[in-house]
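What follows is calculated from the coordinates using simple rules that are stated; it is not laboratory data. A quick note: this is a predicted structure, and the numbers were derived from the prediction, not measured. A quick note on method: Cβ atoms are made from the backbone with ideal geometry, for glycine too, and the neighbour counts reach across all protein chains shown.
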Amino acid sequence: MGASQPSTGMSTSVRAMTAVALLAGFYLFALGILAALVAVDIGLYQASGQLRPALVKVWALSAVVGYPVVRVVFLTRRRKDDDELPGVPATREQQPALWALVDRIAEQTGVRGPAEIRLVHQVNASVMEETRLLGLLPGKRHLLIGVPLLMGLTEGELEAVLAHEFGHYSNRDVRLAGVTVAGRAAVLHTIGGLHERADAHQAKESAKLQAKAGKRLAKGRKPSGEQATGGVDRALAKVFTLYAKLFFRISEAVGRRQEYAADLTAARIAGRDATAAALRKLPVLDSAQDFYLGSYATIGWSTGLLPPSGQVYGGLAHLLADPKRRQELAEYALELPEHRPDPYDSHPPIDRRVAAIEALPDDGRGVGAAGPAFGLLREAERVLAELEVVSLVPEAAGKKRVEWPELVHEAMLADARTEAGPLCRALTALGLPPTVDGALDAIDAGRTGALVDRLPRSEQAAAATGRAARELARPFFRAALSRLIAVSLAGAGLAHWELSWSGPATLALPGGLTDRLAPALDAACADEPDTEPLRALLAGAGLPAAAAPTV
């Protein structure tokens with residue numbers, strides 16, 4: 001059941017052994033730095049024959065260099081059993097169907113199953129293991145499953161994803177890959193720790209330099225121009241990063257080979273078609289979640305609003321269930337973009353992984369169980385609500401929870417008020433009321449140009465003159481007037497924004513306005529403006545003449 005895979009040059013086992021040697025060398029490299037510092041200090045002392053002040057300064061400098069190496073490389077605190085892992089735990093009692101699936105896949109792959117399942121909000125699934133001695137000694141395993149995967153995958157596709165994760169531990173041709181995975185984490189943890197120390201040092205150093213600069217300016221002197229650097233921690237981080245690049249280039253090749261091998265395990269257990277379908281959906285779900293969070297879940301963040309409890313992440317299911325969105329996502333999954341392999345990436349490009357699986361012989365199993373994987377989850381609303389508690393930023397606790405229709409209307413209304421602000425301020429500056437009637441009175445008085453001059457425009461529109469200026473200014477003014485009308489109608493309770501999972505929210509207008517508003521706006525913003533159709537239309541809809549929006 002072989003599939004074509006890009007050649008990795010030297011054999012996987014040789015690369016894995018080399019990566020393990022380089023991992024050990026990472027720590028030997030740190031010991032070498034410490035040994036070199038000690039050797040220099042002893043050598044200088046022996047050469048001088050006595051304790052000199054300059055020697056004490058050299059020793060102090062050695063301590064400054066050596067301390068972060070010892071502190072970060074060798075003494076950094078690792079995760080312990082009582083440390084909090086991400087997500088929400090899913091016990092066997094709470095989620096029996098999910099555990100039954102996981103147990104079955106672990107048995108089929110012939111590996112030790114997880115001691116714990118945790119549900120997370122990312123579009124991802126992974127197995128975390130509490131290894132020791134750079135991954136040489138195994139430990140407790142935790143399976144992390146992203147709730148978006150449950151929402152967007154079928155049971156058969158979820159089987160493929162989980163079989164892939166367990167496949168990392170079952171493939172004999174990459175038996176050292178687990179060590180390299182743990183090694184990558186250890187190396188990144190070490191370098192990250194050095195950069196964290198450097199960032200903290202740089203912040204303190206920058207504050208001191210700013211204070212010095214302020215004092216020099218107060219005395220009429222020019223600041224020194226000295227910049228904060230992060231000190232010896234930053235320099236050490238750069239040194240270790242150079243070594244790490246060599247380790248990553250070797251170990252990531254092992255990681256890529258392991259991904260292909262784990263995909264083959266998934267295809268063996270869940271089927272070729274289910275595995276290929278799952279791989280195609282992963283980047284699609286990732287993009288869908290990013291879009292959903294930015295365009296729906298957090299649309300009311302700046303106005304202090306959030307969806308109902310459990311819907312910050314749970315609302316993704318509404319988006320995925322919409323027929324138009326489903327069609328868009330299906331088309332995206334069929335046309336995965338091509339990517340060039342990155343030698344420092346542990347995962348091959350997804351399009352190459354899909355091609356390798358789809359090149360396998362047809363096993364006749366199709367896409368597997370077609371039921372939604374979300375059906376495996378019991379008490380989904382409770383799980384989603386708990387997931388918000390443990391993953392959202394603390395500021396979320398102060399937001400008001402409202403139903404989706406109200407959330408979308410209030411968020412869009414707030415945006416519209418912000419966009420109507422410049423026209424309202426321009427009207428006020430001209431001594432006119434910041435209302436639709438005030439804007440129409442300005443048009444009738446021939447003061448449209450004065451209003452436009454106070455509106456934000458592009459550089460091209462601001463620099464234009466004559467007819468070109470009028471043509472470029474017209475859409476800016478028309479848009480501003482349209483937004484002012486929308487805010488005024490909504491503020492008077494005559495219009496509201498409606499939620500749509502298929503596209504942007506739409507403004508629902510009173511009967512008769514939907515088709516007639518655009519021509520009336522065009523007439524009011526023409527070279528020879530006529531505001532009467534717009535006045536009559538708005539008056540007929542019930543908009544009070546003095547209705548002033550809150551902006």
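Here are a few things to note about the model shown:
- Among the trypsin sites (Lys or Arg not before Pro) in the stretch 352-406, those located in a DSSP loop and surrounded by at most 15 other Cβ atoms within 10 Å of their own Cβ are 365, 378.
- Here the Karplus relation 6.51 cos²θ - 1.76 cosθ + 1.60, evaluated at θ = phi - 60°, turns the backbone of the stretch 322-333 into coupling constants of 5, x, 5, 5, 4, 5, 4, 5, 5, 5, 4, 5 Hz, with x for every Gly and Pro.
- Which listed pairs, of 57/238; 281/400; 140/281; 140/399; 204/400; 324/400, have C-alpha distances above 27 Å, in listed order: 281/400; 140/281; 140/399; 204/400; 324/400
- Among 501, 99, sorting on how many other beta-carbon atoms sit within 10 Å of each Cβ, with the fewest leading, yields 501, 99.
- Burial order of peptide ranges 406-413, 242-249, 193-200, 148-155 (average beta-carbon count within 10 Å, highest first): 148-155, 406-413, 193-200, 242-249
- Take 441-452, 486-497, 313-324, 210-221 and order them by the average number of nearby Cβ atoms within 10 Å per residue, most first; the result is 486-497, 313-324, 441-452, 210-221.
- Remark: the residue 403-residue 293 segment gains 38.0 nm on full extension, using 0.36 nm per residue and subtracting the alpha carbon distance.
- Only Cα pairs under 8 Å and 6+ residues apart enter the sum, and on that basis the relative contact order of the stretch 300-422 stands at 59 percent.
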